[in-house]
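Asks: Attaching a single structure in structure tokens format; questions to follow.
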Amino acid sequence: MAWTHLAPDLLGVFFFAVSGSLLAVRRRFDIVGSLLLGTCVGLGGGILRDVILDVGVPRAFDSPVYLVPPVAAAVVVYFFAHVVQRFHDILLTFDAAGMALFSVTGTLVSLDAGMNPAGAAILGVATAVGGGVIRDVVANDVPQIFRSRGLYAIPALIGAALTSLASWAGWFNLVAGFAIAALVFGLRMISLRYRWEAPPAGGRRHGSRDPR
């Protein structure tokens with residue numbers, strides 16, 4: 001992976017791993033549980049993407065550098081959890097940052113592997129949301145993607161689609177990548193602030209009947 005892809009990818013792993021370690025604190029896990037949960041969320045989405053792409057050994061196992069961010073996240077949370085926990089929704093903030101970066105880097109990795117633009121965007125979304133789902137399931141929590149408060153998959157899809165489009169048009173560079181990630185992060189945080197919701201699967205919430 002090119003350095004311009006690797007740096008944001010490692011940063012995304014770190015942000016996601018911090019969210020996992022923070023959830024471990026809330027669940028009263030020990031330091032080993034914190035490291036494992038941070039590793040699950042930080043590397044899970046990328047492993048899922050690489051398995052689908054059938055690129056051989058997933059990058060998380062082939063490049064030891066990917067193990068550094070989860071360890072760093074566990075150490076940071078261990079020493080500073082009492083500080084960061086004072087901030088409201090800090091876990092969601094780190095989760096949004098990781099999701100935003102992965103929506104970009106996951107799409108780029110898929111494009112580099114020869115995936116078509118539409119397929120790469122889909123895998124970008126899978127990379128962005130996959131780790132968070134694994135984290136919440138392992139911690140026996142409701143995955144963020146299924147919660148009604150805020151938009152989750154939609155900002156990731158927008159980021160992945162813009163990344164795929166910019167790369168296809170030859171406009172993508174490091175600045176564009178961070179700009180797209182910032183847009184995704186902003187959409188996620190604004191949707192949490194104002195409690196935006198995607199349309200319900202059954203149409204209107206009011207006046208609908210239980211089919212059972």
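The values are calculated or read from the model by the stated rules, or taken from the named source; none is laboratory data. None of these values were measured; they are calculated from a predicted model. For neighbour counting, all protein chains shown are included, and Cβ atoms are generated from backbone atoms with ideal geometry for every residue, glycine included. Ligands, DNA and RNA are stripped out before the accessible areas are found, and what is left, the full protein with its side chains, is counted by its heavy atoms. Shrake-Rupley method; radii C 1.70, N 1.55, O 1.52, S 1.80 Å.
Asks: Expressed in nm to one decimal, what extension gain is obtained for the pair Tyr78 and Arg149 from 0.36 nm per residue of sequence separation less their Cα-Cα distance? Before the final figure, lay out the partial values.
Replies: Working: separation 71, 0.36 × 71 = 25.56 nm, distance 2.85 nm.
This chain segment gains 22.7 nm when fully extended.
Asks: On to the next question. Remind me, relative contact order of the stretch 1-104 in percent, using alpha carbon pairs under 8 angstrom and six or more residues apart? If you can, show how the numbers build up before the last one.
Replies: Working: 119 pairs, mean separation 43.4, N = 104.
In percent, rounded to a whole number, it is 42.
Asks: Continuing with the same structure: Quickly work out the Asp89-to-Trp196 label distance, labels modelled 7 Å from Cα along the C-beta direction, and quote it in nm with one decimal.
Replies: Here the answer is 1.2 nm between the modelled labels.
Asks: So, for the stretch 53-212, what is the accessible surface per residue at a probe of 1.4 Å, expressed in square angstrom?
Replies: 56 Å²
Asks: Charges only on Cβ, +1 for Lys and Arg, -1 for Asp and Glu: so what's the dipole of the chain about the Cα centre, in debye to the nearest 20?
Replies: Working: 16 positive and 12 negative charges, 192 e Å.
Result for the chain is approximately 920 debye, rounded to the nearest 20.
Asks: How far apart, in nanometres, would the label points at Ala179 and Ser63 be if each is projected 7 angstrom from Cα along the Cα-to-Cβ direction?
Replies: Simple spin-label model gives 2.5 nm for this pair.
Asks: In square nanometres, what is one fourth of the surface area of the convex hull spanned by the alpha carbons of the stretch 51-92? Don't skip to the answer; put the middle values down first.
Replies: On the way: hull surface 16.6 nm².
Average of the hull's projected areas for the stretch 51-92 equals 4.2 nm².
Asks: Still on this model: Order Tyr66, Tyr78, most accessible first, counting only protein heavy atoms with a 1.4 angstrom probe.
Replies: On the way: Tyr66 10, Tyr78 150 Å².
The ranking, largest first, comes out as Tyr78, Tyr66.
Asks: What number, in percent, do you get for the relative contact order of the chain if the mean sequence gap of Cα pairs under 8 Å and at least 6 apart is divided by its residue count? Mind showing how you got there, number by number?
Replies: Numbers: 324 pairs, mean separation 47.8, N = 212.
So the answer I get is 23 percent.
Asks: Could you tell me which of Pro199, Val41, Leu101 has its Cα farthest along the dipole of the chain towards the positive end, charges placed at Cβ (Lys, Arg +1; Asp, Glu -1), taken about the Cα centre?
Replies: Value computed over the given set: Pro199.
Asks: Quick check: convex hull over the Cα atoms of the chain, volume per residue in Å³, rounded to an integer? List each step's numbers first, then the result.
Replies: Values: hull volume 29.8 nm³, N = 212.
Each residue corresponds to 141 Å³ of Cα convex hull volume.
Asks: While we're on this one: I'd like the carbon and sulfur percentage of the solvent accessible area for the chain, probe radius 1.4 Å, heavy atoms only, ligands and nucleic acids excluded. Before the final figure, lay out each step's value.
Replies: Working: 7440 of 11150 Å².
Taking all protein chains in place, the chain shows 67 percent carbon and sulfur surface.
Asks: Continuing with this model, one more query. Filter the chain for me: DSSP H helices, axial length by Cα at least 27 angstrom, mean Kyte-Doolittle hydropathy not below 1.0. List them by residue number. Let's see the in-between values first.
Replies: On the way: long enough: 3-26 (35 Å, 1.19); 31-53 (33 Å, 1.72); 90-112 (33 Å, 1.45); 117-138 (32 Å, 1.39); 174-193 (28 Å, 1.84).
Both cut-offs are met by 3-26, 31-53, 90-112, 117-138, 174-193.
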